[in-house]
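To start, the structure under review is shown below, and the notes come after it.
What follows is calculated from the coordinates using simple rules that are stated; it is not laboratory data. Keep in mind that this is a model prediction, so the values were computed, not measured. Glycine also receives a Cβ, built like all others from the backbone with ideal geometry; neighbour counts cover every protein chain displayed.
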Ligand SMILES: [Zn+2]
């Protein structure tokens, strides 16, 4: 079930550059339902579900990594100096509960300064007495992420720190489970290091060499009191991307997705995002160019500890994906 798969994947530790536990969780979810699975040098989990004669090879890419903070130094009094891994700012991190891979908990704090707050004024308090005590628990190079806190907001909405992009990982895992004998071959890439510039999807797309690439990621929102753009609302369907800062979708792929949605009466939104980027761009710009687009999940407060999505948009995205892999392209 989609919501159960989502909750499972949200609960796994997996910052950018250390996505192994997410890959293991996905493998467990799809076990016995796919043709083959392998992990490449970059840590991408690449899973194939073979299609029929005459079908195309479609690569979907959903990134496993989650933004975090890496320890840069441990101070005499036991506080940890950190810097961001991926797009994380001081506003989102101040006095937030964070956790390391070994289960050590901490509070990220942005100390008051005369100048504008920056990552240089951040520290993590793990409750250590002093440097020696802190070093028993954490080392320079260790990465913490926002601690998992998944909650339902009403009937349809879910808030959690790692929603970007575990919601898309859940969609891709469910696609592999739910689709039997598809027309087109599905190559599901659970990618690494998207948050630092799509570093996993690039080599994966080169190796897979698909006929079509579809990125799966969250997008912005325009339906809260002071935010009206982009023109995207939670609960109104998945976004089909026209463009963002990283890509202009290949028109025929975008239109094929739109026509699949319309033919099957699946709600969708036309997405033009004036910022951001996805693995769709990494696929589009590999080799001699791959036709590509991105299916987006509307998400409020992206890159905060409370990223909110709507399960109706998740179902819309999954329905579009299921119909698309059975469409003659
Ligand atoms: Zn993302």
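Numbers below:
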| read-out | value |
| --- | --- |
| Ascending count of other beta-carbon atoms within 10 Å, so fewest first, for 226, 132 | 226, 132 |
| Net length gained if the chain between residue 72 and residue 229 were fully extended (0.36 nm per residue, minus Cα distance) | 52.9 nm |
| Cβ-based exposure ranking for 3, 176, 257, in which fewest neighbours within 10 Å come first | 3, 176, 257 |
| Scattering curve values for region 68-145, log₁₀ I(q)/I(0), Debye with Cα scatterers, q = 0.12, 0.19 Å⁻¹ | -0.28, -0.70 |
| Separation of the residue 263 and residue 150 label points, Cα + 7 Å toward Cβ, nm | 3.4 |
| Relative contact order [Cα under 8 Å, 6+ residues apart], region 52-186, whole percent | 33 |
| Efficiency of FRET between residue 95 and residue 180 - r from beta-carbon atoms, R0 45 angstrom, step 0.05 | 0.40 |
| Cα centroid separation - region 63-102 against region 147-199, whole Å | 23 |
| Mean separation of Cα contacts under 8 Å (6+ apart) over length of region 68-145, as relative contact order % | 42 |
| Angle in degrees between helix 20-30 and the longest Cα principal axis of the chain, rounded to the nearest 10 | 40 |
| Antiparallel bridges, percent of DSSP beta bridges restricted to region 1-85 (to nearest 5) | 90 |
| Rel. contact order, % - alpha carbon contacts under 8 angstrom, at least six apart, the chain | 22 |
| Cα-based helix-to-principal-axis angle, 311-324 vs the chain, degrees rounded to 10 | 40 |
| Fewest-first sequence of 100, 190 by Cβ atoms within 10 Å of each Cβ | 100, 190 |
| DSSP-defined beta bridges in the chain - what % are antiparallel, rounded to 5 | 65 |
| Structure-based [θ]222 nm, the chain - -39500 (n - 2.57) summed over DSSP H runs of at least 4, per residue, nearest 500 | -7500 deg cm²/dmol |
| Calculated FRET efficiency for the pair residue 56/residue 27, C-beta based, R₀ 22 Å, to 0.05 | 0.30 |
